[in-house]
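Here is the structure we will look at, set down as structure tokens.
The values are calculated or read from the model by the stated rules, or taken from the named source; none is laboratory data. This structure is a prediction, so every number in the text was calculated from the model and none was measured. Each accessible area value is taken on the protein alone, full model and side chains, heavy atoms only, with ligands, DNA and RNA left out. Shrake-Rupley method; radii C 1.70, N 1.55, O 1.52, S 1.80 Å.
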Amino acid sequence: MKSFRKELWFETSKRRELINITTHIEECLGESGIKEGLALINAMHITASVFINDDESGLHSDFEKWLEGIAPEKPYDRYRHNGFEDNADAHLKRTIMGREVVAAVSGGKLDLGPWEQIFYGEFDGKRRKRVLVKIIGE
């Protein structure tokens, strides 16, 4: 069995942003040479997420509104975590959206559904953060 590991780095200009990283993962898969196996993609920061969904702007707006309804950024003093930092809401949003995805690799391609795309979700941005890509298989 072969194994491939790569880190992808992102720095957003906004506090919250969703970035379609499917192409980056496909490029990693090509580099790996693996044709059959599994790809693990996970955010290496506690205020960021990796998830699979549709790349549709209305849905992305819905995510923003829904997440703000569940864990609003402000007022900062509503959270016990906030003191040195003001990112308690980002920790909660990450918990809801998830840490990682695992995608099947078949025939040298990501085995995703017709509308499925892989996203990096940033909830406390404006600094460099990384995503781990680990691909195993034959």
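Here is how the numbers come out for the structure above:
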quantity: Accessible-area composition of segment 59-123, carbon plus sulfur, in percent [1.4 Å probe]; calculated: 54
quantity: Hz values of 3J(HN,Hα) by residue in segment 62-74 - Karplus curve (6.51, -1.76, 1.60), Gly and Pro given as x; calculated: 4, 4, 4, 5, 5, 5, 5, x, 7, 9, x, 5, 10
quantity: Accessible surface, the chain, averaged per residue in Å² (probe 1.4 Å); calculated: 56
quantity: Reachable lysines, given that their alpha-carbon falls under 23 Å from the alpha-carbon of residue 35 and they are not under 8 places away in the same chain; calculated: 2, 6, 109, 134
quantity: Relative contact order of the chain, pairs being alpha-carbon contacts under 8 Å that are 6 or more residues apart, as %; calculated: 56
quantity: Probe 1.4 Å, all protein chains present, accessible-area order of 65, 134, 93, largest first; calculated: 65, 134, 93
